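A.B. asks: This structure is in structure tokens; I'll ask about it shortly.
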Amino acid sequence: MPYVLVETNDAVGGKELLAAPETWIQRHDDGTVYLCWPNVRNINMLNALLKDEHSTPLAAWEMHTCVIKCSNIQSLSVAGKMIKTLQNHWKTSYVPQKRTIEANDDVTAGPACKKLPITEEREPDESEIIGMFNELRSLIENRHDEARKKLHDGFYRIEKCLHSVGNELQNIEQEAVPDHASQCLQPAHEMEFYVNPVTCIDEMTDFEERLNDEEYQKQVQHWIDCAISHQTHPEHRMRDILDSLFDKQFLSNFSWTGGSTGKLAFMPYGNIVNLFAYAGTTATHAATPKYVGQFFIKILQQTTTLAVRKHLSLELETVDSTASWNTENKSMLQTVDSFNETTLTEGGHSSQYTDNHTNTEISNVNPLTCLEELDAFEAKLGDAKYRAEMHTWVNYHVGYEINPEVRMIEILYLLFDRDFLSHFTWIGARKGSYGMRAYSNVVQLFQYVGTTAAHRADEIFVASFFNKKLRYAVRRAELALSDSDSDSSNFELNE
């Protein structure tokens with residue numbers, strides 16, 4: 001509650017300084033200021049009224065004209081100290097009594113006022129005034145220091161409370177991420193262990209071999225956890241690790257399977273591929289070999305596209321802007337455009353597939369449903385360009401897989417309708433069946449499908465595959481019609 005320091009006259013005409021609550025001051029319309037003072041003689045009752053924040057003047061109180069010397073004083077004790085300071089500088093032979101109570105005053109003292117008889121007063125000189133204001137300033141600064149300390153203590157308690165809440169939220173977030181990610185307690189850039197980017201084939205081979213060591217593999221996995229612990233999307237996690245592990249220019253020398261592209265094959269580096277399966281696995285998603293393979297097929301194609309763009313832009317800088325492009329440059333642009341049309345849905349299936357030999361029919365290969373379609377397909381495979389396009393299509397769909405028979409199974413059911421396939425045997429020996437062996441171009445296509453870096457599928461291997469699969473094609477077609485896909489899968493796996 002704010003207080004005021006006022007000067008008023010006592011009954012005998014002497015001046016006195018009084019401290020009172022601002023609510024005890026009344027102003028009349030003619031500008032006269034009055035102090036309302038309680039007509040009590042008990043010092044305890046007077047001090048109780050002075051300290052009461054809700055005390056208001058009563059009709060029976062005394063009214064004294066006054067002059068306000070200082071207002072907006074924050075406490076009664078401060079007002080008392082101000083009166084004492086003024087008294088020390090206003091030399092007088094008369095020792096005034098008190099009407100206000102200070103913090104260390106004896107409550108049994110006489111009337112709470114400080115009287116300064118007018119006859120004994122004298123004007124203070126300049127040095128006394130300076131000293132008085134220095135004491136007042138010191139008093140105010142002390143009050144500010146106290147307030148600042150209280151604010152500091154309050155902010156400290158708030159900060160401590162917020163820190164406690166932050167720790168609880170961090171614990172909740174750690175429970176939501178995989179267990180191996182929650183073990184990382186420091187950022188990747190602050191870790192002592194670090195994996196340098198691979199820039200050449202020798203470094204890649206060395207990295208692959210070092211990953212055979214279980215302890216080193218765990219260190220790399222821990223590095224992965226710390227590097228991408230903030231990331232929750234599987235593909236984004238694998239992209240971040242790919243950017244950290246491989247130089248982009250070196251990576252452009254790879255395709256997933258190598259093959260006829262003239263590029264290095266990424267797929268045989270099994271330990272490195274397993275690292276990306278680890279990186280792509282989260283609490284809600286398991287990165288299967290198929291998922292990782294399709295990720296690399298897409299990423300390595302994009303890397304090749306960027307390399308082609310960069311090479312093309314460098315060449316175009318030397319070509320006059322008014323000159324027409326030559327056939328080679330147009331071909332390169334078409335290659336880049338065809339790469340840009342390649343998209344991959346999250347489920348791993350191609351929504352539109354194109355490559356260097358963009359062809360609408362190959363972009364959407366529909367399962368063969370009759371002999372007429374099979375005969376046409378057999379004939380088209382005789383064309384070298386179309387056959388190369390089919391090889392690219394095969395690489396896209398099963399390039400992630402290293403098991404020859406699994407590769408052939410997937411392509412078989414992408415190329416053939418199951419009901420139509422049930423009409424085939426390998427040599428056509430069953431009554432009413434067709435012989436798959438007669439379609440030599442199709443058989444050669446499956447030789448390509450069954451060939452990997454570690455296995456070459458010859459005619460005998462393909463014949464054995466078709467003998468086994470076509471023998472049960474009728475039963476699988478019946479199971480498919482009865483919507484028993486899970487039973488069909490189990491049966492096929494147990495063949």
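A.B. asks: Looking at Pro57, Pro21, which is the one that is in contact (Cβ under 8 Å) with a residue 24 or more places away in the chain and over 17 Å from Ser75 (Cα atoms)?
C.D. replies: None of the others qualify; the one that does is Pro57.
A.B. asks: Looking for something more than 24 Å from Met132 (Cβ to Cβ), open to solvent by less than 60 Å² (accessible area, probe 1.4 Å) and part of a loop (DSSP other than H, G, I, E, B) - is there at least one such residue anywhere in region 18-25?
C.D. replies: no
A.B. asks: Select, from Cys226, Cys200, the only residue that is over 27 Å from the mean Cα position of the chain (by Cα) and of a type outside the set (Asp, Glu).
C.D. replies: Numbers: Cys226 fails: over 27 Å from the mean Cα position of the chain (by Cα).
One residue alone meets the criteria, Cys200.
Matching residues to (1) of a type outside the set (S, T, N, Q); (2) exposed (fewer than 14 other Cβ atoms within 10 Å of the Cβ); (3) within 43 Å of the chain's Cα centre (by Cα); (4) at pLDDT 90 or above:
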position	(1), (2), (3), (4)
Ile427	yes, no, no, no
Gln447	no, no, no, yes
Ala454	yes, yes, yes, no
Ala457	yes, no, no, yes
Arg471	yes, yes, no, no
Val474	yes, no, no, no
Glu492	yes, no, no, no
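A.B. asks: Counting only residues that are part of a strand (DSSP E or B) and closer than 14 Å to Leu374 by Cβ, how many does region 420-436 have? Let's see the steps before the verdict.
C.D. replies: Taking region 420-436 as the starting set, the residues that turn out to be part of a strand (DSSP E or B) are 424-425, 434-435.
Filter again for closer than 14 Å to Leu374 by Cβ, leaving 424, 434-435.
Counting residues in region 420-436 that are part of a strand (DSSP E or B) and closer than 14 Å to Leu374 by Cβ gives 3.
A.B. asks: Now a separate question. Please pick out the residue among Ser440, Ser484 that is of a type in the set (Ser, Thr, Tyr), surrounded by fewer than 20 Cβ atoms within 10 Å (Cβ to Cβ), farther than 27 Å from Gly293 by Cβ and modelled with pLDDT under 85.
C.D. replies: Values: Ser440 fails: modelled with pLDDT under 85.
One residue alone meets the criteria, Ser484.
A.B. asks: Tally time: how many residues in region 60-79 are part of a strand (DSSP E or B) and in contact with a helix residue (DSSP H, G or I) (Cβ under 9 Å, 6 or more places away or on another chain)? So that I can check it myself, show each step before the final result.
C.D. replies: In the first step, residues of region 60-79 are kept if they are part of a strand (DSSP E or B); the result is 62-73.
Going one step further and asking which of them are in contact with a helix residue (DSSP H, G or I) (Cβ under 9 Å, 6 or more places away or on another chain), we end up with 69-73.
Summing the residues that are part of a strand (DSSP E or B) and in contact with a helix residue (DSSP H, G or I) (Cβ under 9 Å, 6 or more places away or on another chain) in region 60-79 gives 5.
A.B. asks: Got a sec? Which of Phe207, Phe276, Phe296 is in contact with a strand residue (DSSP E or B) (Cβ under 8 Å, 6 or more places away or on another chain) and touching a residue at least 24 places away in the same chain (Cβ under 8 Å)? Spell out the reasoning first.
C.D. replies: Values: Phe276 fails: in contact with a strand residue (DSSP E or B) (Cβ under 8 Å, 6 or more places away or on another chain); Phe296 fails: in contact with a strand residue (DSSP E or B) (Cβ under 8 Å, 6 or more places away or on another chain).
When all the criteria are applied, what remains is Phe207.
A.B. asks: Another question about this same structure. Could you list, in sequence order, the residues of region 71-89 that are among the polar types (S, T, N, Q), touching a Phe, Trp or Tyr at 6+ places or on another chain (Cβ under 9 Å) and open to solvent by less than 70 Å² (accessible area, probe 1.4 Å)?
C.D. replies: Here is the first cut: in region 71-89, the residues among the polar types (S, T, N, Q) are 71-72, 74-75, 77, 85, 87-88.
From what's left, touching a Phe, Trp or Tyr at 6+ places or on another chain (Cβ under 9 Å): 71-72, 74-75.
Ser71, Ser75 - these are the residues of region 71-89 that are among the polar types (S, T, N, Q), touching a Phe, Trp or Tyr at 6+ places or on another chain (Cβ under 9 Å) and open to solvent by less than 70 Å² (accessible area, probe 1.4 Å).
A.B. asks: Continuing with the same structure: Does region 216-232 hold any residues that are closer than 17 Å to His285 by Cβ, without any contact (Cβ under 8 Å) to a residue 12 or more places away in the chain and either of a type in the set (A, V, I, L, M) or open to solvent by 60 Å² or more (accessible area, probe 1.4 Å) (or both), and which are they?
C.D. replies: His230, the sole residue that qualifies.
Rundown of residues vs (1) at pLDDT 90 or above; (2) surrounded by fewer than 19 Cβ atoms within 10 Å (Cβ to Cβ); (3) among the β-branched types (Val, Ile, Thr), yes/no style:
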{"residue": "Gly348", "(1), (2), (3)": "no, yes, no"}
{"residue": "His357", "(1), (2), (3)": "no, yes, no"}
{"residue": "Ile362", "(1), (2), (3)": "no, yes, yes"}
{"residue": "Cys370", "(1), (2), (3)": "yes, yes, no"}
{"residue": "Ala379", "(1), (2), (3)": "yes, yes, no"}
{"residue": "Asn395", "(1), (2), (3)": "no, no, no"}
{"residue": "Gly399", "(1), (2), (3)": "no, no, no"}
{"residue": "Ile402", "(1), (2), (3)": "no, no, yes"}
{"residue": "Leu421", "(1), (2), (3)": "no, no, no"}
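A.B. asks: Anything in region 404-419 that is crowded, with 18+ Cβ neighbours inside 10 Å and either touching a Leu at 6+ places or on another chain (Cβ under 7 Å) or outside any helix (DSSP H, G or I) (or both)? List them, or say none.
C.D. replies: Leu415, Phe416
A.B. asks: I need every pair where a residue in region 423-440 that is touching a residue at least 40 places away in the same chain (Cβ under 8 Å) has its Cβ under 6 Å from the Cβ of a residue that is part of a helix (DSSP H, G or I) and open to solvent by 80 Å² or more (accessible area, probe 1.4 Å), sequence separation at least 6 or different chains.
C.D. replies: Matching pairs, first to second residue: Trp426/Arg437.
The values are calculated or read from the model by the stated rules, or taken from the named source; none is laboratory data. Just so it is clear, the structure is predicted and the values come from calculations on it, not from any experiment. Note that each Cβ is placed from the backbone with ideal geometry, even for glycine, and that neighbours are counted across all protein chains shown. Note: accessible area is taken over every heavy atom of the protein model, side chains too, but ligands, DNA and RNA are not part of it. Shrake-Rupley method; radii C 1.70, N 1.55, O 1.52, S 1.80 Å.
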